[in-house]
Amino acid sequence: MSELNSIEVDTTETIQDIAIKLVTEQLKNETRLATAPSERTIFVLGSKGVGKSTLINRFLDRDDVPRPTLALEYSFGRRTASGQGAQKNICNVWELGSLANSAQLIEMPIRSHGLASFSSIIMLDLAQPDRLWTDLEAVLNGLKQAISKHSSLGQTDEMKELTMQRIGKDHPDLATLELFPFPIVIIGGKYDIFQNLDSEIRKHVSRCLRSIAHTLGAAVLFYSSKNSSLTKLAKDTLNYLGFASPSNPFRTAVFDPSAPLVIPFGADSWERIGVTPTNSERIGHSFVTQIPQVPISHSVVPDDPGKDPGFKESTIDELRSHKDEELLYVLKDTEIRMKFEVVQ
């Protein structure tokens, strides 16, 4: 009845004419919805120098040589879904370069896109266990603050409901978890180095990341850019978060700390991890007792980023050179005038 009311009806039209008009309008609406772009957002943040840019380039099928990310960088991927309608899917990708003094930067992706189609990759350096908890804590605190400030941009209750569906509403640990309102995947980078560390360190790191991931309702996987199968899994995971394809990137689950972890959403449990139900504070205290942590370095930006060879831009560099010459001329001219005035 609502569709009929939305269409102007000529009293001379037959019922068949009206039916044709209704069907035509319905087809237009379906086509409009099918061709409207669908957007998702992935926020990649974590340890400095762990390979975040390299992973993003592989996800977006780019051959760019990674360069240091000083603050916050934005890129995007675009794909056309198969089938009728040819819907265009867009994935916004944000990368945070450093965790030092980053509270306002962490808010930017959420403030720009909201929480409704948001997900996060927390990438940590397995090769530096003495920085792992410090980095992880900084990420979680930053995300929690951003969520509390911008929760009105997304329906967090409905999103938490989706998180519960991902891990399973009948999961025995559900009541003990502190679920985030969007998907999180914790990626442990540089596994090729981590696998050669002391076995006890590997156990502590694995137990800590599994415990935190379980608390948040997150997934975990270990990654190395030098391992093709781990690289494919990480890329499939970003495709899943950004384009919902594949529908399930986790073909299996690996819990053995002597192997690269692969733990899908909801696959873990306190019993399987071997710890009692706990919270992030207790998990962190236990971890730093075993592996003392180094604080985050605050030397984020080099003395003069314009002289960094990794940020060369010929046109801008030429203009900068001209300005430097003009400034030098003005300084010399001023110096000569001042000397002349003193002599006078």
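The values are calculated or read from the model by the stated rules, or taken from the named source; none is laboratory data. Everything numeric here is computed off the predicted structure, so don't read it as measured data. Here the Cβ positions follow ideal geometry from the backbone for every residue, glycine too, while neighbour counts run over all protein chains shown. All accessible areas refer to the heavy atoms of the entire protein, side chains included, with ligands and DNA or RNA removed. Shrake-Rupley method; radii C 1.70, N 1.55, O 1.52, S 1.80 Å.
Overview of values
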quantity	calculated
Cβ-defined net charge surrounding F243, 15 Å radius [Lys, Arg +1; Asp, Glu -1]	+3
Using θ = phi - 60° and Karplus 6.51 cos²θ - 1.76 cosθ + 1.60, couplings along the range 91-96 (whole Hz; Gly, Pro as x)	10, 7, 10, 10, 10, 9
Carbon + sulfur, % of accessible area of the range 165-276 - ligands and nucleic acids excluded, 1.4 Å	48
Rounded accessible area of M159 (nearest 10 Å², 1.4 Å probe)	20
Note, ³J(HN,Hα) from phi for the range 129-136, Karplus 6.51, -1.76, 1.60, rounded to Hz, x at Gly and Pro	x, 6, 10, 4, 5, 4, 5, 4
Karplus-derived HN-Hα couplings along the range 114-127 (A = 6.51, B = -1.76, C = 1.60, θ = phi - 60°), whole Hz, x at Gly and Pro	x, 9, 4, 10, 9, 8, 9, 10, 9, 10, 10, 8, 5, 6
Relative packing of peptides 71-77, 169-175, 248-254, 211-217 - highest average C-beta neighbours within 10 Å first	211-217, 71-77, 248-254, 169-175
Sequence-distant residues sharing a close amide H with V254 (under 5 Å, placed H)	V262, I263
Amide proton proximity set for L72, modelled H, under 5 Å, gap of 5+	G97
All-pairs alpha carbon distance profile, the range 68-183, 10 Å steps from 0, percent	11, 35, 35, 17, 2, 0
